[in-house]
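To start, the structure itself, in structure tokens.
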């Protein structure tokens, strides 16, 4: 039997329902803080914990929008995809990762995530970030980046780029500049990697991020 909720908890629950009805995906903790005029994210976390304990919602760990309503609300239907984590990628110097060609096998760890994090794409794979060169894009060491396999990125896309003569891969912004490629970090203290275009192969484009904290 569900316990009695406080006025604030009822307000938060109603806000989540309205937000999901409007956007078709859950709010973040900061969305709830702002929408409910709450003083801090820790207060939101406390009340979400109670709402989960009382059976009104479920929270997916390490997912910024990982709230699922459990009271029959139509937008809370479970819509989960299983994403293989095929290795690690450097957000700093290049780092070797295993080839992603065998993602359909049982070789890799998988993580279940709400489908909105993958943009509804079915072929997404994950890489754990090592390093801090993308920290100004709010991607840091330990985060999980979700990528769709592509080979022809747009200028400015965040990609997993293979430097072919090194057989190593790095996470950077991609810029094709004549016959060279600039792999640009999102860290003002780090320099870009500039290599001949023929020496770069893009292995995937970032479509989502799962924070480590």
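Just a few scattered comments:
- Considering region 66-79, the residues that are out of contact with any helix residue (DSSP H, G or I) (no Cβ under 7 Å at 6 or more places or on another chain) and surrounded by fewer than 16 Cβ atoms within 10 Å (Cβ to Cβ) include one that is modelled with the lowest pLDDT, namely 77.
- With respect to being within 30 Å of residue 67 (Cα to Cα) and in contact with a helix residue (DSSP H, G or I) (Cβ under 9 Å, 6 or more places away or on another chain), residue 210 fits the description.
- Scope region 8-31; condition free of Cβ contacts under 8 Å to residues at least 40 places away in the same chain, under 23 Å from residue 139 (Cβ atoms) and touching a helix residue (DSSP H, G or I) at 6+ places or on another chain (Cβ under 7 Å); matching residues: 29, 30, 31
- Residue check, residue 129 in contact (Cβ under 8 Å) with a residue 40 or more places away in the chain and outside any loop (DSSP other than H, G, I, E, B): yes
- Which numbered condition residue 165 misses (of (1) within 14 Å of the chain's Cα centre (by Cα); (2) not in a strand (DSSP E or B)): (1)
- Scanning region 80-114 for residues that are outside any loop (DSSP other than H, G, I, E, B) and modelled with pLDDT under 75 yields 80, 95, 112, 114.
- In region 122-142, residue surrounded by the most Cβ atoms within 10 Å (Cβ to Cβ) [restricted to those that are more than 16 Å from residue 205 (Cβ to Cβ) and in contact with a strand residue (DSSP E or B) (Cβ under 9 Å, 6 or more places away or on another chain)]: 133
- Within region 168-211, the set of residues being surrounded by 13 or more Cβ atoms within 10 Å (Cβ to Cβ) and in a loop (DSSP other than H, G, I, E, B) comprises 185, 186, 187, 190, 192, 211.
- As a summary of the residue check, residue 41 satisfies the conditions (1) surrounded by fewer than 16 Cβ atoms within 10 Å (Cβ to Cβ); (2) more than 30 Å from residue 189 (Cβ to Cβ); (3) out of contact with any strand residue (DSSP E or B) (no Cβ under 7 Å at 6 or more places or on another chain); (4) at pLDDT 65 or above except for the one numbered (2).
The values are calculated or read from the model by the stated rules, or taken from the named source; none is laboratory data. Quick caveat: nothing in here was measured; it's all calculated off a predicted structure. A quick note on method: Cβ atoms are made from the backbone with ideal geometry, for glycine too, and the neighbour counts reach across all protein chains shown.
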